[in-house]
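Remarks on the structure that follows.
The values are calculated or read from the model by the stated rules, or taken from the named source; none is laboratory data. Here the structure is a predicted model, which means the values were calculated and not measured. Positions of Cβ are backbone-derived with ideal geometry, glycine not excepted, and every protein chain shown enters the neighbour counts. The protein model used for the area step is the full one, side chains on, heavy atoms only, and it has no ligands, DNA or RNA in it. Shrake-Rupley method; radii C 1.70, N 1.55, O 1.52, S 1.80 Å.
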Amino acid sequence: MYKKGVFIMRKHSLWGLISTAVAVLVLLSACSIPGIPNSSTPPESENVADFSNIHYQLIGDLDVENRVATGTQTTTFTASSIAEPLDTVGFHLYANSYSSPETSPSMGYSSIPAKDALGRITVTEATVNGNKIEKFNSEGQFLELKLPEAIQPGETVEVTLVFNTKVPVSTERFGCYEEICSYTQWHPLLAKYNVDTKTWDDHNYALQGESDYIDDASYNATLTYPEKYTAVTGGVDNEKVLDGKKQLTAELEHGRIFAIIISEHFEIKEKTFDETTIRTVHDSRNTDFTEKDNENLFTDANGAISFFSEKLGEFAYAKQFDIVETAVEGFAMEYSGLVQMGYFFNGQHDYQFYDVVAHEIGHQWMYSKIGSNSASSPFIDEGFTTFITAYYYEIEHQDNPDAEYLGLSSLAAYYTGQTIHGPIGESVYYFDKQGAYAYSDAVYSGTALALNELRLLDGQKLDAVLAAIADKHSYGFVTRNDIYSYIEEQYGVDTKEQFMYMINEPYYKYPTMLIGTQL
Ligand SMILES: [Zn+2]
């Protein structure tokens, strides 16, 4: 049976409908999961090493029927910005968060995977600069390799890991379901190193939302799998048949994670607008989604890309950007160069669906190109993305009655007089305890409302803040202190302090800054 994924709709308000569909990522199941202790959240202002020239080479074979990937990953980087030698090197093994029901992250409203359907990653061999590491433990979410020879400041490091990954049976972001397999959090990721405490960031993945804190890197990959499948990645893909198997080579110039999605039911369409090639990767069993729907999707996705490029700089994934239909339910998810959608909507839900796509496209800037610590400061990636998406609909669809409800004016009208229960600037682990609705209202809507107040005070200044973030932090990280300083530069110290109040106080009533302002 082909079950259609649906987004829950709240009927009581237009913005309620949007925020449920896009931002809320309704995490009902997360509310009932007993919390487990995580490593402490990495503080955002920590003094972390800035390794350079990070590159991942991935060679993998995908056994889709058994939900397995076997791979060899060679990671190279320059140990720049450290003053003392490194005795260890650390990698996140986020796939292991799916190795028990208690730690499995939940974004949608699927049930936690059954015990026989869990996921995991096992590293079987590790070599650093040609030295084989004999003893290590890859059972948890963090792999620390103790080095026989310390890495010197400025040295180029090469780490080769041989691993195998089992994908859960799940409608979550990392899962196989209804013959579509999302190999998303499938490979080890180089962790951040704190030069003050001399420790690696070893945080566990949060139960709701995202908690990635990963450097920008370049990738190339060679993947093999049975001929009947079609695979797509966040990179520029080239798929061919070789010796009775499919072989896909992919290059991703800038990425923070390398996702693969594969199915025997995929149909790929592509359209190029000036410099940008967008591909839709559609489940051919969903016959409700017509050619016309697909054309409309191309048009709106390109509209969002153009608007975000204007506000936040060039699109990093213009060579080939994929919008992929999968079996995820109740949410959608961004990866560098690729967005993982649920069921491709049509008909009366067009703009609700396009809005979700636009939100995930927004993350191609606010998270992927312009990185942040999404564990300690989810308001930077989720809140700014909610804002720029509603900003897009406010400006580019102002004469479109079908999309008007997605704009900032509609958001502001819905929340006027309401209290946002924050603090907006809390970590994702704080919201693990507060539940999904608190996370959505504070981090997504609350941040967008605070930024909207800045826009209503002076839209050009707000655009200058966005431009400064893009100019100074593309392919790096932006922190809350960076953002506060750009607001102060444009608006002055009083407005900056009011904005900080909205981010840091447990309660914030909309509007705050605009009270007493003649607009
Ligand atoms: Zn988001």
Å² per residue, accessible surface of region 378-509 at 1.4 Å: 37
Accessible area in the full protein assembly, largest first, 1.4 Å probe, for K245, K311, K135, K240: K135, K240, K245, K311
The chain: DSSP helices with Cα axial extent of at least 24 Å and average Kyte-Doolittle hydropathy no lower than -0.5: none
Sum of side-chain charges, I361 neighbourhood, beta-carbon under 12 Å (Lys, Arg +1; Asp, Glu -1): -4
Around L338: net Lys/Arg minus Asp/Glu count, Cβ-Cβ under 13 Å: -1
Distance violations [Cα-Cα > 21 Å] among K132/K246; K146/K166; K146/K198: K132/K246; K146/K166
Relative contact order for the chain, counting Cα pairs under 8 Å that sit 6 or more residues apart, in percent: 16
21 Å Cα-Cα reach of K271 towards lysines, excluding residues that sit fewer than 8 places from it in its own chain: K240, K292, K319
Helix-derived mean residue ellipticity, 222 nm - over the chain, DSSP H n ≥ 4, -39500 (n - 2.57), to 500: -7000 deg cm²/dmol
Accessible-area value, V162, 1.4 Å probe, nucleic acids and ligands omitted, Å²: 40
D274 accessible area, 1.4 Å probe, all protein chains in place, Å² to nearest 10: 150
Tensor-based shape of region 50-215 (alpha-carbon gyration tensor, a/c under 1.5 rounded, otherwise prolate or oblate): prolate
Accessible heavy-atom area order of M333, M500, highest first, probe of 1.4 Å: M500, M333
Cα centroid of region 453-519 to Cα centroid of region 282-349, whole Å: 29
Heavy-atom accessible area ranking, 1.4 Å probe, most first, across K192, K146, K166: K146, K166, K192
Area accessible to solvent at E172, 1.4 Å probe radius, in Å²: 10
Shape category assigned to region 372-519 from the gyration tensor of Cα positions, a/c cut at 1.5: rounded
Net length gained if the chain between Q152 and E291 were fully extended (0.36 nm per residue, minus Cα distance): 44.4 nm
Spin-label zone in region 83-97 - amide nitrogen under 19 Å from a point set 7 Å from the Cα of N53 along the C-beta vector: 83-86
Linear extension gain, F273 paired with F136, 0.36 nm per residue minus alpha-carbon span: 44.5 nm
10 Å binning of all Cα-Cα separations within the chain, expressed as whole percents from 0 upward: 4, 20, 31, 28, 14, 4, 0, 0
